[in-house]
Amino acid sequence: MVAWWLIAAATSQDAYNTAMAFASHPIGTIMIFGWSVALFYHLSNGIRHLFWDTGRLFKIENAYRAGYVVLLSTVLLTAAAWYCALSGTSEYAPPVQDQNLVEAVTPKGNKS
Amino acid sequence: MKLKWNDSGMKSPLARARGLGSAHEGTEHWMAQRVTAVALIPLVFWLVFSIISLKGASHAQFTTWLEHPINAVMMILFIIASLYHAVLGAQVVVEDYIHSEWFKTLKLIGNKLFFFGLGIACIFSILKIAL
């Protein structure tokens, strides 16, 4: 999907618009959501594997505990990312008319 | 299962090992997988943050964003690290779970060609926009 996005942007404006329309379509959004869950799970569990590579967390109860930490961090990272994505902090979101709302929305920082 | 070293008169242990993974290339593969994994930790956070901040961007806004050297370089780094990591990971899956010799070879070659082609297409696209 990232590859499609990049290649479409380089190809033409129409191709880019098609890619963006797909991403904002419910099916495309569900696919991106699934991808984000898989990505964060892979990231968290990958870090667990890197700990194992250094010889840590090999006791069975620690391995289990790290497994639950992985699941928890997957949920938290996914939730944080989608909270940021859906709370309208994007500087590219359609222009907001109400000036008070603009000020309320813009200074928010990112968290990931 | 048909094994290649049973078919010929030559039955040296080297012929048995060659091409089956454990022929002086395992450590490099393993290390590259870890190095790309470590590199991808910050790159993934950068990518997710960037995608979120680019939500709803028009074509012009997106190309302007990608023209910035930091964004272009980070994107190329992400493409190289992630696709290299994907090649290595998919290779392990194929080596471990495909037991037909010819199909395994086909998948291993196809795996490398597919991700190499995808990577070149992505990097070309980034450079076309950024330069």
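Some points to look at:
- The calculated FRET efficiency for B:T27 paired with B:K128, based on their beta-carbon distance and R0 = 30 Å, is about 0.20.
- Per-residue shielding of A:12-18, expressed as the average number of other chain Cβ atoms within 10 Å of the residue Cβ, stands at 2.
- Alpha-carbon centroids, region A:1-80 and region B:78-121: separation in whole Å: 20
- Peptide B:56-63 has a mean of 6 when you count, residue by residue, the C-beta atoms of other protein chains within 10 Å of its C-beta.
- Separation in nanometres of the label points that stand 7 Å from Cα toward Cβ, at A:T29 and B:T105: 4.9
- Protein heavy-atom accessible surface, 1.4 Å probe, per residue over region A:1-84: 61 Å².
- Inter-chain Cβ neighbour average for residues B:43-52, partner chain, 10 Å: 5
The values are calculated or read from the model by the stated rules, or taken from the named source; none is laboratory data. As the structure is a computational prediction, the values presented were derived from the model and not from experiment. Every residue, glycine as well, gets a Cβ built from its backbone with ideal geometry; the counts of neighbours run over all protein chains shown. Quick note on the areas: whole protein, heavy atoms, side chains included, nothing else; ligands and nucleic acids left out. Shrake-Rupley method; radii C 1.70, N 1.55, O 1.52, S 1.80 Å.
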